[in-house]
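Worksheet: one structure, shown below.
Values in this text are rule-based calculations from the coordinates and carry no lab data. Bear in mind the structure is a predicted one, so any value in this text is a computation, not a measurement. Ideal geometry is used to build each Cβ from the backbone, glycine not excepted, and the neighbour counts take in all protein chains shown.
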Amino acid sequence: MLKHHPEHEVRHYWDTPHVRLVHGGRPGLQQIDEIGIDKVMWSSDYPHNESTFGYSERSLAAVVDALGPEDAVRVVGGNIRTSWASSMAGPLTARGAVMDIPDEPDWARMRSEIGARLRSAMAEHGVDALVLSMNGYVVYATGASWPLLDAGLSHVERPVAVVAGRRRAPASVHAVRSGASSESPVPDDHLHGPVYLEFDHGVEQFARELAGLLPPGAAVAVDELTGAMRRASAHAVPSGPPSDAAIVVGAAQLVKTRDEISCLRRASRITEQAMVDVQKALAPGVRQTDLSAALVRRAFELGATTNMLDAIWQVMPSSREAGVWTTHGDLALPLLTHRSRTLPRETCCGRT
């Protein structure tokens with residue numbers, strides 16, 4: 001999307017105390033001495049096609065056999081715990097977590113701490129303002145939520161947030177008919193009319209509004225450039241071509257606040273409970289659409305406010321060795337992998 005040049009040679013990043021992931025495969029384990037035992041963490045990567053689905057226990061056993069119990073403990077969990085501890089300035093110590101994770105998130109505190117992290121990351125990267133149009137980034141920066149129900153219009157009628165580093169509250173420019181939710185933490189005087197960045201006239205309008213929000217010469221970072229923004233080139237933002245906002249937001253998101261972790265735990269509990277409840281509806285002849293509807297409805301009954309799950313209903317083989325087909329003839333998504341043979345041509349379009 002946007003060009004980014006690393007500040008250092010590749011070897012610098014390799015030598016810094018970041019953690020590398022291995023799935024327990026023989027090539028990775030054979031290079032442990034060269035990589036460094038303190039820089040490796042085992043990962044299942046489920047449900048991607050290169051994951052350990054179907055043989056996770058054997059993968060873990062291979063780590064123990066190759067490294068011994070003491071080093072295996074470091075690879076399976078100790079290294080990432082240490083890595084997180086060193087990246088948290090205060091809430092964690094090298095001996096383990098001391099962060100108090102609440103059962104229910106404090107929304108005001110979470111918004112305040114996320115805002116502080118964003119502004120800190122902006123200052124570190126020399127960015128005065130962020131222009132965010134990717135929905136996940138907008139929600140992260142503003143806390144506002146809105147439905148994106150029409151897939152055909154969601155890329156046109158989407159919210160846009162402008163985060164100014166010297167303001168404590170972001171300016172939200174949204175282009176959704178229903179607007180931000182009634183619980184939006186964005187102050188009314190920071191809400192603006194819709195802009196349409198997919199169109200040339202929308203970019204021109206947005207550039208004028210942005211010039212009124214930011215001081216002259218402000219360094220701006222953008223997360224996504226639409227075709228119209230690319231055509232406008234340097235005129236899309238008042239100060240010239242923008243930098244990549246993903247680098248800034250990613251730095252802020254790297255370590256979660258206690259309330260974000262609380263949200264993640266709550267979302268996981270809702271999802272797992274909804275799956276357990278829907279499993280009771282499994283019976284011969286049940287339609288996949290009915291299962292999907294029941295899952296979403298149950299999730300909202302349990303307290304969900306939005307849904308990002310694309311339900312896939314498949315009777316899965318018990319292992320890779322059982323093949324890549326489900327018991328009802330579909331291609332099993334998590335089991336796709338590189339194979340020495342070419343699959344039959346009709347598999348590209350599914351089977352009937």
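Karplus couplings for segment 193-200 from phi (6.51 cos²θ - 1.76 cosθ + 1.60, θ = phi - 60°), rounded to Hz, Gly and Pro as x?
The phi angles translate into x, x, 10, 10, 6, 7, 10, 4 Hz.
Hey, fewest Cβ within 10 Å first, where do Asp290, Asp189 land in order?
Asp189, Asp290
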